[in-house]
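All remarks here apply to the structure that follows.
Only the coordinates and a few stated rules stand behind these numbers; no lab work does. Computed from a prediction, not measured in an experiment: that's the story for all the values here. Here the Cβ positions follow ideal geometry from the backbone for every residue, glycine too, while neighbour counts run over all protein chains shown.
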Amino acid sequence: MEQYELSSGTMSNYYLNCRTVLSRPPARLAAGYLIDAYLIYEHVDAIVGVGVGGSYVAWGVSSRMELPALIIRAESKDHGLCKLIEGDYKAGDRVVIVDDVVTTGMSLERAARICAEAELNIVDIIALVDRTNESDMPVRFNALFTFDELVSPNLDLTKELPVRTNKEGRP
């Protein structure tokens, strides 16, 4: 079986390429619906995508929620506005950072730092898939699925996704 090197440096028999799936509008829309349902009681001003996969997720969520999609650049340009965050935002905006797959959490940590430097208030950090298998992550995040759930032969597509509650504890 072919082995793939992950961002953590570990080798795996499986490589989860969400970018291929998320390049299709129906998949982005599905991701948008799932994350919109998760954030139902939150006031959010913009969705921040991390990397290519996270950008696809941000476009899906922002389309569903009718919010701006912001993209974190790998590095700032050396001309123009020289920004690390692209999109329509202002200091004080409440944002949700999204990514497709989290392996080490380092890109999420970088995104959180860049958002904080831009004076954006982070409401939540959400990934579609958590493949960390680690408890010592650089940032706290929520995921809709774990990698083990996705590769399980007993995948339960009817599982209840986490539902955020309001301050009174009601969904």
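The table below gives the values:
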quantity	calculated
Members of the range 72-106 that are without any contact (Cβ under 8 Å) to a residue 24 or more places away in the chain and of a type outside the set (Asp, Glu)	Arg73, Ala74, Ser76, Lys77, His79, Gly80, Leu81, Cys82, Lys83, Lys90
All positions within the range 12-27 that are farther than 10 Å from Asp100 by Cβ and touching a strand residue (DSSP E or B) at 6+ places or on another chain (Cβ under 8 Å)	Ser12, Asn13, Tyr14, Tyr15
Selected residue (only one of Thr104, Thr10 is over 16 Å from the mean Cα position of the chain (by Cα) and under 21 Å from Val151 (Cα atoms))	Thr10
Residue count, the range 62-99 (criterion: basic (Lys, Arg) and over 18 Å from Gly51 (Cβ atoms))	3
